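The values are calculated or read from the model by the stated rules, or taken from the named source; none is laboratory data. In this text, all values refer to a predicted model and were calculated from it rather than measured experimentally. Positions of Cβ are backbone-derived with ideal geometry, glycine not excepted, and every protein chain shown enters the neighbour counts. Protein only, heavy atoms only, side chains kept; ligands, DNA and RNA dropped before computing areas. Shrake-Rupley method; radii C 1.70, N 1.55, O 1.52, S 1.80 Å.
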Amino acid sequence: MLSFKLHSESGISLFDTANTYCLDEHDLGHNEHLLQEALSGYSSDDYLIITKGGLARPNGTWICDGKPHSLRAACEHSLRTLQREYHPMYILHAPDPDVPFEESVGELIRLQNEGKILHLGLSNVSVAQCQQALNMTTISCIQNRLHLYDRHSDDVLRWCEQHNISFIAYSPFGGSERSSHLQSDPIFTELAHKYSVSPYQIVIAWLLAFSPNLLPIPAATKPASIEDSTRGIDLLLDAADISLLTNLASSSKHSI
């Protein structure tokens with residue numbers, strides 16, 4: 001399981017990025033550089049930057065690239081961008097359907113044996129792929145999409161619980177297509193009023209209650225949104241409301 005100190009100013013100490021969070025192949029490492037610059041004044045003991053490799057951005061599009069030499073180049077490029085000797089956590093961004101999964105994982109293991117990666121993780125994977133990787137090495141975290149209306153990774157989450165592996169839930173508000181509707185959704189409006197919080201804090205609180213292994217990583221474009229999400233960490237929902245939210249996905253009459 002992941003463990004790290006909480007930053008005293010905001011309570012945020014985990015930052016997720018990737019080499020391909022950028023415009024195109026000419027802009028690789030853009031967001032990694034922004035994080036490195038923003039956190040350069042703090043001790044590295046106070047935060048954890050997770051980055052990923054395994055995608056490419058030719059002409060601004062997204063494609064999988066899990067070839068061993070590509071993963072090595074991405075890992076080493078990210079080391080230079082983040083100005084560190086090794087990655088505390090490095091994640092395979094997505095399996096490449098054109099490359100045997102064991103070859104991609106095998107290259108990351110070699111990089112780990114060379115001291116360039118401390119802990120390994122996987123993203124956008126199935127239970128079968130999780131188990132295949134675990135048979136090869138120690139896996140520290142799984143990062144899959146999970147929110148109230150996308151529960152396709154529930155089986156992966158339960159697998160993580162069985163193996164005491166952290167599950168990092170990306171798009172916890174449902175992505176841009178759903179998150180904007182939370183403020184007008186009647187159920188979330190009612191719960192927000194009941195607890196005197198925002199609908200987004202309700203979602204964060206539900207996710208944290210859903211599993212002790214789950215870490216949500218909400219995205220934001222405004223500092224106020226980040227601060228709002230962090231307040232959801234301390235919100236405790238009652239059992240009836242947790243059950244209500246957990247069962248929403250099975251309701252054909254309710255959608256956001």
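How much mean residue ellipticity at 222 nm does the chain get from its helices, if each DSSP H run of length 4 or more adds -39500 (n - 2.57) and you divide by all residues, to the nearest 500 deg cm²/dmol? Show your work: numbers first, answer last.
Numbers: 10 runs with 98 residues, N = 256.
Mean residue ellipticity at 222 nm (helix-derived): -11000 deg cm²/dmol.
Note that the chain, at 25 °C in a medium of 0.890 mPa s, gets a Stokes-Einstein diffusion coefficient of 128 µm²/s from its Kirkwood radius over C-alpha pairs.
If you take the beta carbon distance between GLU190 and GLU227 as r and set R0 to 25 Å, what does 1/(1 + (r/R0)^6) give as a FRET efficiency, to the nearest 0.05?
Details: r = 23 Å, r/R0 = 0.93.
The pair GLU190/GLU227 has a calculated efficiency of 0.60.
When the alpha carbon gyration tensor of the stretch 154-256 is reduced to an equivalent ellipsoid, the three semi-axes, largest first, read 21, 17, 14 Å. Averaged over its residues, the stretch 38-92 has an accessible area of 46 Å² per residue, based on protein heavy atoms and a 1.4 Å probe.
Under 8 Å for C-alpha pairs, at least 6 residues apart: give me the relative contact order for the chain, rounded to a whole percent. Don't jump to the answer; show the numbers that get you there.
Values: 428 pairs, mean separation 34.6, N = 256.
RCO, the chain: 14 percent.
Beta bridges from DSSP with both residues in the chain: antiparallel share about 10 percent, rounded to the nearest 5. Residue separation of GLU85 and ASP24 scaled by 0.36 nm, minus their Cα-Cα distance, works out to 19.4 nm of gained length.
Given 0.36 nm per residue, what is the gain on full extension from ILE217 to TYR149 after removing their alpha carbon distance, in nm? Could you put the intermediate results ahead of the total?
Numbers: separation 68, 0.36 × 68 = 24.48 nm, distance 1.63 nm.
Residue separation times 0.36 nm, minus the Cα-Cα distance, leaves 22.8 nm.
Extension gain for THR61 to ASN113 (0.36 nm times residue separation, less C-alpha to C-alpha distance): 15.5 nm.
Within the chain, what whole-number % of the accessible surface is contributed by carbon and sulfur, with the 1.4 Å probe and all protein chains included in the calculation?
Numbers: 6640 of 12610 Å².
For the chain, the apolar C and S fraction of the accessible surface comes to 53 percent.
Of the listed residues TRP62, TRP206, the order by accessible area with a 1.4 Å probe, largest first, is TRP62, TRP206.
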